[in-house]
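> Dropping the structure in here first, questions after.
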Amino acid sequence: MGAKETVAIEENIVDAIVNDVMEQRIKPGTRLSEKSLCERFGVSRMYVRRALLTLANKGIVELQANKGASIRRPTLQQAVILFEARRAIESIIIKGVIEQRNEADIVKLNTHMKLEEQAFIANDRYELIRLSVEFHLLIASFQNNHLLTGFMKTLVTESSLITGMYGQHSFSNCPPSEHRHLVDAIKSQDQQLALDLMLAHLNHIEADLAISPASGLDIKTY
């Protein structure tokens, strides 16, 4: 097998686990069994171990001697810093979108909102979480800045870890209605309203976090 094929296999494993984290299909603290991952992806342990090392470098997985790999459990201090970073970065993104958005961007936002609202009506938790994450990445993508988009993906992945560990509501703390109001402000190019709505939205997500660390989390094997 060539080097490109090897990299593609490892990237597939990494992307799948990152998506599982972002959709909150696996919780912080969950142990990642090499055997189970080998069976899931139909690969040898070599690929799984290299993928886990990549995930550890990304801050998604913790590797411990004699204990193996597990999804990282962020601290509350890290949660506070994370939302401070999101407020700063997403404010910059909103300002750029208001100035640069075009009709194609509005079409994408409207299409996305229909999917979010359908998932909400259908009570499809995982689909709604996935779409909620994609909403923030979609807005970031409108500025055509790969560094900013990559940074946002890191931030929303970390947010998923944090809400998966400390979130108090089992369904979604990112309701489509808040996204819809933000889309309307972007359409009308009302920068101040869009900024206020984004900050209120992020504050709402942060407010859903438990004040103290969850002490009774189930530690499962994935």
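The values are calculated or read from the model by the stated rules, or taken from the named source; none is laboratory data. Quantities reported herein were computed from a predicted structural model and do not represent experimental measurements. Positions of Cβ are backbone-derived with ideal geometry, glycine not excepted, and every protein chain shown enters the neighbour counts. Just so you know, the surface numbers come from the protein's heavy atoms only, side chains and all, with ligands and any DNA or RNA stripped out. Shrake-Rupley method; radii C 1.70, N 1.55, O 1.52, S 1.80 Å.
> Give just the number: which of (1) closer than 30 Å to THR6 by Cβ; (2) among the hydrophobic types (A, V, I, L, M, F, W, C); (3) surrounded by fewer than 20 Cβ atoms within 10 Å (Cβ to Cβ) does ILE121 not satisfy?
(1)
> Let me ask something additional. Residue under question is ARG86, and the condition is that it be of a type in the set (D, E, K, R), open to solvent by 20 Å² or more (accessible area, probe 1.4 Å) and in a helix (DSSP H, G or I); does it hold?
no
> Inside region 124-143, can you point out the residues that are within 19 Å of GLN24 (Cβ to Cβ) and not aliphatic (A, V, I, L, M)?
Selection gives ASP124, ARG125, TYR126, GLU127, ARG130, SER132, GLU134, PHE135, HIS136.
> Within region 137-153, is even one residue surrounded by fewer than 16 Cβ atoms within 10 Å (Cβ to Cβ), among the aromatic types (Phe, Trp, Tyr) and assigned to a helix (DSSP H, G or I)?
Within region 137-153, one or more residues are surrounded by fewer than 16 Cβ atoms within 10 Å (Cβ to Cβ), among the aromatic types (Phe, Trp, Tyr) and assigned to a helix (DSSP H, G or I).
> Now, a different point. Do we find that ILE106 is open to solvent by less than 10 Å² (accessible area, probe 1.4 Å), part of a helix (DSSP H, G or I) and at pLDDT 95 or above in this structure?
no
> Give all pairs with beta carbons closer than 9 Å in which a residue from region 87-116 that is over 13 Å from PHE142 (Cβ atoms) meets a residue that is modelled with pLDDT under 95 and open to solvent by 80 Å² or more (accessible area, probe 1.4 Å); count only pairs at least 6 apart in sequence or on separate chains.
What qualifies is ILE89/PHE151.
> Residues being open to solvent by 30 Å² or more (accessible area, probe 1.4 Å) and assigned to a strand (DSSP E or B): count how many of those fall in region 54-72.
4
> Residues to consider are LEU128, LEU182, LEU209; find the one that is touching a helix residue (DSSP H, G or I) at 6+ places or on another chain (Cβ under 9 Å), modelled with pLDDT of 90 or more, surrounded by 15 or more Cβ atoms within 10 Å (Cβ to Cβ) and over 29 Å from ARG40 (Cβ atoms).
Of LEU128, LEU182, LEU209, the one residue that is touching a helix residue (DSSP H, G or I) at 6+ places or on another chain (Cβ under 9 Å), modelled with pLDDT of 90 or more, surrounded by 15 or more Cβ atoms within 10 Å (Cβ to Cβ) and over 29 Å from ARG40 (Cβ atoms) is LEU182.
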